[in-house]
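See structure below.
The values are calculated or read from the model by the stated rules, or taken from the named source; none is laboratory data. It should be emphasised that the depicted structure is a prediction, and the values quoted were computed from it without experimental measurement. Neighbour counts run over all protein chains shown; Cβ positions are idealised from the backbone, glycine included.
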Amino acid sequence: MQGHAGDAGTFIRSMATRGFLGGLARATAEVALLLDAAGKKHVLIETVGVGQDEIDIVRLADWCWCACTGSWRRHSEYEAG
């Protein structure tokens, strides 16, 4: 993402969860609404390492996209037995 930080019309802000459960920082929803009110057409919210019970992004986003690596698939197969 650092390669796009200087692109015109692009704003990137890292927001750690700081221990807040749900996979998002406590202020993420408010920031997304603020950017929408400011006229931003697209707001991308990235969650990394979100567990099975941390699904707050589903309630916040219009749509979700999950990118999984090959190692994730092998891990899931091991868990399944």
*asked:* Please go through region 59-72 and give me each residue that is surrounded by 10 or more Cβ atoms within 10 Å (Cβ to Cβ), modelled with pLDDT under 85 and out of contact with any helix residue (DSSP H, G or I) (no Cβ under 7 Å at 6 or more places or on another chain), ordered by number.
replied: TRP72
*For region 2-17, enumerate the residues that are over 13 Å from the mean Cα position of the chain (by Cα) and either touching a residue at least 40 places away in the same chain (Cβ under 8 Å) or surrounded by 10 or more Cβ atoms within 10 Å (Cβ to Cβ) (or both).*
THR10, PHE11
*Could you tell me whether any residue of region 23-43 is assigned to a loop (DSSP other than H, G, I, E, B), β-branched (Val, Ile, Thr) and at pLDDT 75 or above?*
yes
*Any pair with Cβ under 6 angstrom, 6 or more apart, that starts in region 36-53 at a residue that is within 18 Å of ALA67 (Cα to Cα) and ends at one that is in a loop (DSSP other than H, G, I, E, B) and at pLDDT below 85*: THR47/GLY23; VAL50/GLY23
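Being surrounded by 14 or more Cβ atoms within 10 Å (Cβ to Cβ), in contact with a Lys or Arg (Cβ under 9 Å, 6 or more places away or on another chain) and in a loop (DSSP other than H, G, I, E, B) is the requirement here; does PHE20 meet it?
yes
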